[in-house]
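The values are calculated or read from the model by the stated rules, or taken from the named source; none is laboratory data. Keep in mind that this is a model prediction, so the values were computed, not measured. Here the Cβ is made from the backbone with ideal geometry for all residues, glycine too, and neighbour counts use every protein chain on show.
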């Protein structure tokens, strides 16, 4: 095992020792072998790190910020941007607009100011936005489609930062140069750092099958990534590119044009065929089914192709303790390649905040086929949608997360058959869950927003053999087959989250939220009917006792039963019509409020819980099996669930509704996780 050093004072002709470090990370990557560590010393490195090889499960290749004498990571930034200094006043603009010319050779094969954003499920088919970006002192500006929009900028509707949206830029690409005009809001660019996107990726292997790499302790920033739907190559600022066993931890990941971390699919299984096809061609749902079948049938490196989609070859990644922010599509995305992975203890915020364009893949975390994926301990806020599980959430666990300030909803689960577990989370946005699936188990959550549910009879999606990528069958969504046990629902009369029937009190959300649930990404035939906070949204579904008398159409089938017991409803929240043990109270024994919206800090106040009725514990045996996959609710390794600890790991000495174990009054401060300063 070798320790290779990189420093801004080094040379790529050196030997990579501490005394003679390399200058670039890519030079160290060329030398690194399984078991080696690349230690990068303080500074800014403007390069796309393209590791040519991976490690093994027992000997990964590690890239990390060097550890200083204080035992902390040295400050290391890897950037996909370049500094531009030769700005000159645009004639006639009276100092408001500046212009520069950049040689196209700077960008290599992909000029971000010529490349348009687009692909499957990208909604904006009229405007022509680019993957390039301009940054003023590290903050991204807003692209204008015309030079007039730079000379006379207007506020971008729905932007989270209306004043910031007046800082605009416009570009034109010629044969040898790219010309960029920018309005810096009266600032002289000579007195500030101005950067432009120059590279598509920051840390990304150009080849697939580069396994077992660890990336730790960096600031990774500014990438010209393309829109990343599930039916195309899913580009990210950082990602394993159809490999296995990556660990991405303790980093700050910011300012990808589209996606921060991609765990998603490669290109050969499909590349935007739904969007590119002629009118009347196969739709996106069929194209996605084809992607899955192609991925299962890939030949592997021996055939000159990527490995097939199988847990032996793809997935099993760990993404933890990162701060991920300021990406316009998603903080974390992944189709197929996120299976068997863990996404834990990350702080994800400011996703899709500029609002210049939109599409059906926008969320803090957006995963397709998250088989046996664990999503735990994350704080996700100030996003369009916090967490979106789309297709094949099977064996998936959503545990101990904090969600708030979502402009759509905190959690959407779309055309999945389960089983999936949602336990001990805080859902604090006005809309908590959009349920368009079956097979969910919601246990010990704090829910302060509404639930929306609907069926989907037109789309047939796969389910799998337990803990496997092998497809077991396909089905549509008839609704039901859900379990709601031991949750605490706090309605609109609560203080802290809501003031009135729909409007949130939390200032950082109230400043931009319109009050209407956003149904983007859902087919037109889907119908959601608003109901109060609680489980009354499921009143139309049968209980297990009523199910034998349920009658459905030949096409759709019967609605599946729901199991709803042991929940507490406060502040006007309403229970399911047939809940046998519903606990209804006026005031909630637990109050949750956001203390610091940007920092992700939440205050929890718990009254004496000894006066709350004890409820039955939830176990794998009690949850039974999901209807379609016929699979029990277990851990990813097939072991029985352990739900005996609360949201912060305290043992439940008394099993009561909600995510907290408490037998005496207590106030807790829950702080958002983030990068560890010490390795």
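Which members of segment 646-674 meet the condition of being closer than 24 Å to residue 584 by Cα and either assigned by TED's automatic domain parsing to the domain that holds residue 347 or not in a loop (DSSP other than H, G, I, E, B) (or both)?
Within segment 646-674, 666, 667 qualify.
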(message) For residue 393, only one of the following conditions fails: (1) over 15 Å from the mean Cα position of the chain (by Cα); (2) over 24 Å from residue 354 (Cα atoms). What is its number?
(response) (1)
(request) Taking the residues in segment 296-309 that are in a loop (DSSP other than H, G, I, E, B) and modelled with pLDDT under 85 as candidates, determine which candidate is surrounded by the most Cβ atoms within 10 Å (Cβ to Cβ). (result) 305
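Residue under question is residue 293, and the condition is that it be in the same structural domain as residue 218 (by TED's automatic domain parsing), modelled with pLDDT of 95 or more and either crowded, with 17+ Cβ neighbours inside 10 Å or not in a loop (DSSP other than H, G, I, E, B) (or both); does it hold? Reasoning before the result, please.
On the way: in the same structural domain as residue 218 (by TED's automatic domain parsing): yes; modelled with pLDDT of 95 or more: yes; either crowded, with 17+ Cβ neighbours inside 10 Å or not in a loop (DSSP other than H, G, I, E, B) (or both): yes.
It is true that residue 293 is in the same structural domain as residue 218 (by TED's automatic domain parsing), modelled with pLDDT of 95 or more and either crowded, with 17+ Cβ neighbours inside 10 Å or not in a loop (DSSP other than H, G, I, E, B) (or both).
Among the candidates 214, 178, single out the residue that is surrounded by fewer than 24 Cβ atoms within 10 Å (Cβ to Cβ), under 21 Å from residue 318 (Cα atoms) and modelled with pLDDT of 95 or more. It would help to see each step written out before you state the result.
Values: 178 fails: under 21 Å from residue 318 (Cα atoms).
Being surrounded by fewer than 24 Cβ atoms within 10 Å (Cβ to Cβ), under 21 Å from residue 318 (Cα atoms) and modelled with pLDDT of 95 or more holds for just one of 214, 178, which is 214.
Filter segment 6-47 down to residues that are in contact with a helix residue (DSSP H, G or I) (Cβ under 8 Å, 6 or more places away or on another chain) and either surrounded by fewer than 18 Cβ atoms within 10 Å (Cβ to Cβ) or touching a residue at least 24 places away in the same chain (Cβ under 8 Å) (or both) and give me whichever is farthest from residue 242 (Cα to Cα). Spell out the reasoning first.
First pass over segment 6-47, keeping only residues in contact with a helix residue (DSSP H, G or I) (Cβ under 8 Å, 6 or more places away or on another chain): 6, 12, 16, 22, 38, 40, 45, 47.
Filter once more, so that each one left must be either surrounded by fewer than 18 Cβ atoms within 10 Å (Cβ to Cβ) or touching a residue at least 24 places away in the same chain (Cβ under 8 Å) (or both): 6, 12, 38, 40, 45, 47.
Values: 6: 27, 12: 29, 38: 22, 40: 25, 45: 25, 47: 21 Å.
Only one residue tops the list, namely 12.
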(request) Name every residue in segment 544-587 that is out of contact with any helix residue (DSSP H, G or I) (no Cβ under 9 Å at 6 or more places or on another chain), farther than 27 Å from residue 614 by Cβ and part of a loop (DSSP other than H, G, I, E, B), in order of residue number. (result) 546, 550, 551, 552, 554, 555, 556
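So, residue 242, is that one within 17 Å of the chain's Cα centre (by Cα), surrounded by 24 or more Cβ atoms within 10 Å (Cβ to Cβ) and in the same structural domain as residue 307 (by TED's automatic domain parsing) or not? Can you show your working first?
Values: within 17 Å of the chain's Cα centre (by Cα): no; surrounded by 24 or more Cβ atoms within 10 Å (Cβ to Cβ): yes; in the same structural domain as residue 307 (by TED's automatic domain parsing): yes.
The answer is no for residue 242.
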(request) Inspect segment 609-628 for any residue being touching a helix residue (DSSP H, G or I) at 6+ places or on another chain (Cβ under 7 Å), surrounded by 14 or more Cβ atoms within 10 Å (Cβ to Cβ), over 30 Å from residue 558 (Cα atoms) and at pLDDT below 95 and give the result as yes or no. (result) no
(request) Could you please let me know if residue 642 is surrounded by fewer than 19 Cβ atoms within 10 Å (Cβ to Cβ), free of Cβ contacts under 8 Å to residues at least 12 places away in the same chain and closer than 18 Å to residue 654 by Cα? (result) yes
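Return yes when residue 123 is touching a strand residue (DSSP E or B) at 6+ places or on another chain (Cβ under 8 Å), surrounded by fewer than 16 Cβ atoms within 10 Å (Cβ to Cβ) and in the same structural domain as residue 185 (by TED's automatic domain parsing) and no when it is not. Quick ask: steps written out before the conclusion?
Working: touching a strand residue (DSSP E or B) at 6+ places or on another chain (Cβ under 8 Å): yes; surrounded by fewer than 16 Cβ atoms within 10 Å (Cβ to Cβ): yes; in the same structural domain as residue 185 (by TED's automatic domain parsing): yes.
Here the answer is yes, as residue 123 does meet what is asked.
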(message) Just to confirm my filter: which strands (runs of 3 or more DSSP E) fall fully inside segment 339-402 and include at least 2 residues that are buried (at least 24 other Cβ atoms within 10 Å of the Cβ)?
(response) 347-351, 363-368, 379-383, 387-390, 396-399
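Which is in contact with a strand residue (DSSP E or B) (Cβ under 9 Å, 6 or more places away or on another chain), more than 17 Å from residue 86 (Cα to Cα) and touching a residue at least 12 places away in the same chain (Cβ under 8 Å), of 228, 198?
Numbers: 198 fails: more than 17 Å from residue 86 (Cα to Cα).
After applying the criteria, what remains is 228.
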(message) Can you tell me how many residues within segment 150-176 are over 29 Å from the mean Cα position of the chain (by Cα) and over 16 Å from residue 89 (Cα atoms)?
(response) 7
(request) Might you check whether a residue that is under 29 Å from residue 318 (Cβ atoms) and without any contact (Cβ under 8 Å) to a residue 60 or more places away in the chain occurs anywhere in segment 587-599? (result) yes
(message) If residue 435 meets every condition in (1) more than 26 Å from residue 231 (Cβ to Cβ); (2) part of a strand (DSSP E or B); (3) over 16 Å from the mean Cα position of the chain (by Cα) apart from one, which number is that one?
(response) (1)
(message) From the list 35, 92, 43, 55, exactly one residue is outside the structural domain of residue 247 (by TED's automatic domain parsing) and modelled with pLDDT under 95. Which is it?
(response) 92
(request) Give the residues of segment 588-599 that are within 23 Å of residue 617 (Cβ to Cβ) and in a loop (DSSP other than H, G, I, E, B), sorted by residue number. (result) 588, 589
(request) Quickly run through segment 135-158 and pick out the residues that are in contact with a helix residue (DSSP H, G or I) (Cβ under 6 Å, 6 or more places away or on another chain) and assigned to a loop (DSSP other than H, G, I, E, B). (result) 144, 153, 155, 156
(request) Might you check whether a residue that is closer than 30 Å to residue 597 by Cβ, under 26 Å from the mean Cα position of the chain (by Cα) and modelled with pLDDT of 90 or more occurs anywhere in segment 555-576? (result) no
(request) Test residue 105 against the criterion of being exposed (fewer than 15 other Cβ atoms within 10 Å of the Cβ) and under 17 Å from residue 173 (Cα atoms), and give yes or no. (result) yes
(message) Exactly one condition in (1) surrounded by 24 or more Cβ atoms within 10 Å (Cβ to Cβ); (2) within 24 Å of residue 589 (Cβ to Cβ); (3) more than 12 Å from the chain's Cα centre (by Cα) is false for residue 410; which is it?
(response) (3)
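Consider residue 541 carefully, then state whether it is crowded, with 16+ Cβ neighbours inside 10 Å, part of a loop (DSSP other than H, G, I, E, B) and in the same structural domain as residue 483 (by TED's automatic domain parsing).
Details: crowded, with 16+ Cβ neighbours inside 10 Å: yes; part of a loop (DSSP other than H, G, I, E, B): yes; in the same structural domain as residue 483 (by TED's automatic domain parsing): yes.
Judged against the criteria, residue 541 is a match.
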(request) Output the residues belonging to segment 217-239 that are within 16 Å of the chain's Cα centre (by Cα) and either at pLDDT below 95 or over 30 Å from residue 194 (Cα atoms) (or both). (result) 229, 230
(request) Name, by its number, the condition in (1) part of a strand (DSSP E or B); (2) closer than 30 Å to residue 244 by Cα; (3) more than 26 Å from the chain's Cα centre (by Cα) that does not hold for residue 78. (result) (3)
